[in-house]
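The values are calculated or read from the model by the stated rules, or taken from the named source; none is laboratory data. As the structure is a prediction and not an experimental result, all values here were calculated from the model. All Cβ positions, even for glycine, are placed from backbone atoms using ideal geometry, and neighbour counts span all protein chains on display.
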Amino acid sequence: MKIGMSLGISPRESITHAVEVVKNAEDLGFDAAYITDVQLSMKDCFAALTLCAVNTSKIKLGTGVTNPITRHPTTLACQFSGLKELSNGRGILGIGTGWTGVYPIGLKPATIKYLEDSIVNIKALCDGGEVTGGEDGQPYSMPIANGRFPIFVAANQPRILKMCGRVADGVILMGGANEEFTRWQIELVRQGAQEVGRDFSEIELHLWATIGIHDDIGQSRDDVSHWAASQAETFSKWKTLPDFLQRFEDDFKRAGAAYDRSHHLSSNAAHKRVVSDEFIDFVALTGNAEACLEQINKLGQLGLDGVTLAFRAGAGGRQARMEEISKTIIDRI
């Protein structure tokens, strides 16, 4: 199983420093680095990915994640064709319906149909084919096409998980580092693949979660509470909660009311205080190194291809935390 990392470039961090972080992640054995695309609260992911592509040689590079609303599908096809060229094929388009990137500017997330059509069209353009779109219904193509790149879709609800089974190269399983939740999600992807006669084994499965390694469980939870709050806020919008999430309904209501998207995934956000310890332990990897490793291994037995970790810098900075994960997790997987 592969271990990746995700990071956002905050206003306090330089893009060049983020590139150094990714270079160090490559040296420490991380399989992939995904950079967040939230245009108001974080610095530009594509500027960083371009620099990462020419300053690394092995690590896979992707958006974590972008969307087809603020980034038109033709723009994404062109951008990732460029990243594919610069990285010698290491680019991964991580895409979702949009959330923190679209709501603050008065837009709505993509419908699942539009996201699915966008993925199909991006693949067609990158194959050198024509796509018909727009109000005039005229076909267009992309002469700079240089072949496909992997498209991984961020998903956690039934309809989008089934859509992943139909068209995605990989699925970014969002929501929580919990076996029951992850098993439920994987089964929905499998159903989507079966509906169109697709080989389920062709689809990569990557769980995205946060990790807070610390001998003090209180500190461990505090390190990941900002991520837990962001997940709780998304669950507050679900029309129907599966049985295993219903006990956290109060967490979701509090997060939905308190969440400030201008401080999305900020470790200083006030809204991180609204979620319970029980929910944090459900949604995140918490405890000491042994406890976190045990949970990752249990999740891996469900058939995951990889786990992508988000984490705070913590004492000693992000480099110290990456070294800790490399030594206690990556070297032992």
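A few remarks follow.
- Hey, K58 closer than 22 Å to L205 by Cα, modelled with pLDDT of 95 or more and either of a type in the set (S, T, Y) or surrounded by 17 or more Cβ atoms within 10 Å (Cβ to Cβ) (or both) or not: no
- Filter result for R321 (surrounded by 20 or more Cβ atoms within 10 Å (Cβ to Cβ) and over 18 Å from the mean Cα position of the chain (by Cα)): yes
- Hey, E290 at pLDDT 90 or above, farther than 26 Å from G62 by Cα and either in contact with a helix residue (DSSP H, G or I) (Cβ under 9 Å, 6 or more places away or on another chain) or in a loop (DSSP other than H, G, I, E, B) (or both) or not: yes
- Test for Q219: is it touching a helix residue (DSSP H, G or I) at 6+ places or on another chain (Cβ under 9 Å) and among the polar types (S, T, N, Q): no
- Residue, surrounded by the fewest Cβ atoms within 10 Å (Cβ to Cβ), within segment 276-318, restricted to residues that are hydrophobic (A, V, I, L, M, F, W, C) and more than 22 Å from S230 (Cβ to Cβ): A315
- Residues considered: K239, K253, K272, K298. Of these, the only one that is over 21 Å from the mean Cα position of the chain (by Cα) and assigned to a helix (DSSP H, G or I) is K253.
- Answer residue from segment 198-221, given it is acidic (D, E) and assigned to a loop (DSSP other than H, G, I, E, B) and is nearest to G303 (Cα to Cα) among those: D199
- D222 vs. criteria more than 16 Å from the chain's Cα centre (by Cα), farther than 17 Å from V307 by Cβ, at pLDDT below 95 and surrounded by fewer than 21 Cβ atoms within 10 Å (Cβ to Cβ): yes
- When N121, N146 are checked against the criterion of being in contact with a Ser or Thr (Cβ under 7 Å, 6 or more places away or on another chain) and more than 19 Å from G64 (Cα to Cα), N146 stands alone in meeting it.
- Strands (runs of 3 or more DSSP E) enclosed by segment 1-83 - at least 3 residues per element that are touching a residue at least 60 places away in the same chain (Cβ under 8 Å): 2-7
- Helices (runs of 4 or more DSSP H) lying entirely in segment 100-197 (those with 2 or more residues that are more than 30 Å from S236 (Cβ to Cβ)): 112-126
- Test: residue in segment 241-262 that is at pLDDT 95 or above, polar (S, T, N, Q) and surrounded by 14 or more Cβ atoms within 10 Å (Cβ to Cβ): no
A quick yes/no check of all residues on (1) charged (D, E, K, R); (2) within 19 Å of F311 (Cα to Cα):
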{"position": "R12", "(1), (2)": "yes, yes"}
{"position": "A18", "(1), (2)": "no, yes"}
{"position": "S41", "(1), (2)": "no, yes"}
{"position": "L61", "(1), (2)": "no, yes"}
{"position": "P104", "(1), (2)": "no, no"}
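Conditions (1) over 18 Å from the mean Cα position of the chain (by Cα); (2) buried (at least 21 other Cβ atoms within 10 Å of the Cβ); (3) within 30 Å of A284 (Cβ to Cβ), marked per residue:
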site	(1), (2), (3)
G89	yes, no, no
G94	no, yes, yes
T100	no, yes, yes
P104	yes, no, yes
P109	no, no, yes
C126	yes, yes, no
P143	yes, no, no
R148	yes, no, no
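- Any hit, segment 294-311, residues being at pLDDT below 95, touching a Lys or Arg at 6+ places or on another chain (Cβ under 7 Å) and on the phi < 0 side of the Ramachandran plot: yes
- Close pairs from segment 121-144: first touching a residue at least 40 places away in the same chain (Cβ under 8 Å) and of a type outside the set (A, V, I, L, M), partner surrounded by 13 or more Cβ atoms within 10 Å (Cβ to Cβ) and assigned to a helix (DSSP H, G or I), Cβ under 7 Å, at least 6 apart: N121/P73; C126/A77; C126/S81
- Total residues in segment 165-215, condition surrounded by fewer than 20 Cβ atoms within 10 Å (Cβ to Cβ), touching a Gly at 6+ places or on another chain (Cβ under 6 Å) and without any contact (Cβ under 8 Å) to a residue 60 or more places away in the chain: 1
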